[in-house]
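Undergrad: This structure is in structure tokens; I'll ask about it shortly.
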Amino acid sequence: MLRDKNLIPLSHQHQHALAMCVRLDRALAKGNADLHAWQEEVVSLWESEIRFHFEAEEKVLFPAAEKYADLKPLLKQLLSEHAVLRDFLARAAARQMDAAALKTFGEALSGHIRTEERQLFEECQRQMTADEMARAGNAMDEYFAKSGMPGASCALPSPRNARSG
């Protein structure tokens with residue numbers, strides 16, 4: 001199913017995080033990843049995008065989807081995953097992650113994103129009316145505009161930030 005235009009900003013942010021996960025996985029697979037630099041990059045993406053993304057979902061999209069009873073268990077799962085990911089991000093900020101923790105973080109973030117894209121977003125598009133989607137999209141746009149999120153929400157990572165190891 002094509003992504004509803006009201007969810008595209010969140011999907012773009014998912015793409016950025018997934019790109020980081022892929023690069024992190026490749027760097028860790030080589031066995032010589034600069035763990036400090038990777039934790040720095042994780043924190044940078046958190047500060048510039050992920051924390052705003054989580055807040056937009058938690059304040060706007062999840063409450064809009066919660067009116068559909070069959071989505072409540074999924075929303076509970078996603079909120080729980082947000083908490084786990086926040087814990088990983090706090091460990092990265094304290095530079096307390098080893099290679100195994102970074103790998104687990106990348107897998108958790110990637111899995112979380114895929115669940116949102118494949119399950120939550122698809123079900124929102126299937127169940128919510130066009131008006132509900134538009135209201136949620138407008139509310140997220142307003143949230144992002146007022147959030148203090150630096151830069152454009154769809155800016156791709158620059159090549160100089162790509163860490164191969």
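Where a number appears in this text, it was derived from the coordinates with a stated rule and is not lab data. In this text, all values refer to a predicted model and were calculated from it rather than measured experimentally. Positions of Cβ are backbone-derived with ideal geometry, glycine not excepted, and every protein chain shown enters the neighbour counts.
Undergrad: Add -39500 (n - 2.57) for each DSSP H run of 4 or more in the chain, then divide by its residues: what number comes out at 222 nm, to the nearest 500 deg cm²/dmol?
TA: On the way: 8 runs with 107 residues, N = 165.
The helix contribution divided over the chain gives -20500 deg cm²/dmol.
Undergrad: Would you calculate the separation in nanometres between label points at residue 69 and residue 145, each defined as 7 Å from the Cα along the Cα-to-beta-carbon direction?
TA: The answer from the label model is 3.7 nm.
Undergrad: For helix 8-30, report the angle its Cα long axis makes with the longest principal axis of the Cα atoms of the chain; keep it between 0 and 90° and round to the nearest 10°.
TA: Tilt of helix 8-30: around 20 degrees.
Undergrad: Please find the FRET efficiency linking residue 101 to residue 134, where r is the Cβ-Cβ separation and R0 is fixed at 35 Å, and quote it to the nearest 0.05. All intermediate terms of the calculation are to be shown ahead of the outcome.
TA: Details: r = 40 Å, r/R0 = 1.15.
The formula returns an efficiency of 0.30 here.
Undergrad: Further, regarding this structure: Under 1.5 on a/c is rounded, so check that first for the chain, then, if it is not, pick prolate when a/b is larger than b/c and oblate when it is not; a ≥ b ≥ c are the square roots of the alpha carbon gyration tensor eigenvalues.
TA: Prolate, because a/c is 1.5 or more and a/b exceeds b/c.
Undergrad: Same structure, new question: Once both axes come from the Cα atoms, what is the angle between helix 35-45 and the longest principal axis of the chain, in degrees from 0 to 90, rounded to 10?
TA: Between the helix axis and the principal axis of the chain, the angle is about 20 degrees.
Undergrad: How far is helix 72-93 tilted off the main Cα axis of the chain, in degrees rounded to 10, range 0 to 90?
TA: Taking Cα atoms only, the helix is inclined about 30 degrees.
Undergrad: Using the basic label-point model (7 angstrom from Cα toward the beta carbon), what is the residue 22 to residue 55 distance in nanometres?
TA: Going by the 7 Å Cα→Cβ label model, 2.9 nm.
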